[in-house]
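Asker: One structure is given below, represented as structure tokens, and several questions about it will come after.
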Amino acid sequence: GVRPMRILYHHRTQGVGVEGVHIRETVKALQALGHTVDVVSPPGISVFDQAEPSRRPPSAIRRFWRRISRRLPEIGFELMELAYNGYALRALARELSQARYDAVYERYAIFNWAGASQARRHGVPFLLEVNYTSWSPLSRMRHSSLRSLAHRIDRWLLRQADGIIVVSTVLRRHLVEDLGVPPHKILVRPNAADPS
């Protein structure tokens, strides 16, 4: 059997669409294995209130984040992503000081370094789930003046991670061949579905 663990799961998403489904189902799968999972999300966000998102009006905080992400110039949006680390550092420190955790599990996001920092500070193993990197072609164009900072943070995060979970062999190859991540640190866990 698997020894039950207490896991602190951190993400910086709006928790809707496929991201919300993925986070929610990952947490549920860990719980089904007997683990206790606590989730740290951006303020006002919960992936667990999205059972039928098409039938629920978005909350005020979701409407605010959606408006900001669509209208803010790219450099402003990226500065907000960086600033989020201030909130996350405090939220993660609060959780890590109130309970003994076996791991911090973080869903990767560009410029998001708070989870690795607090895991190291509190002596807890750091697991990083990577679905893309700052080198990946994304629907949102990244501002060129902050791209090198995003790349540096990515390299630091990948070094800090005790284990890395990726969703494809293509992404694994990118981490190993392009970014020098030791292959033994990487687990490929493809996206899946729960038919029930």
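Asker: Within the stretch 1-22, name every residue whose backbone N is under 16 Å away from a label modeled 7 Å from Cα of A99 along the Cβ vector.
Answerer: Only 4-11 pass the distance filter.
Asker: Next question, about the same structure. Give, in nm to one decimal, the length gained when the segment between M5 and L179 is fully stretched (0.36 nm per residue of separation minus the Cα-Cα distance).
Answerer: Between M5 and L179, full extension yields 59.6 nm more.
Asker: Along Cα→Cβ, 7 Å out, is where each label goes; now give me the distance between the ones at A29 and I75 in nm to one decimal.
Answerer: Each label point is offset 7 Å from its Cα along the Cβ direction, giving 4.1 nm.
Computed from the coordinates by the stated procedures, all read-outs in this text should not be read as laboratory data. Bear in mind the structure is a predicted one, so any value in this text is a computation, not a measurement. No Cβ is skipped: glycine too gets one built from the backbone with ideal geometry, and neighbour counts run over all protein chains shown.
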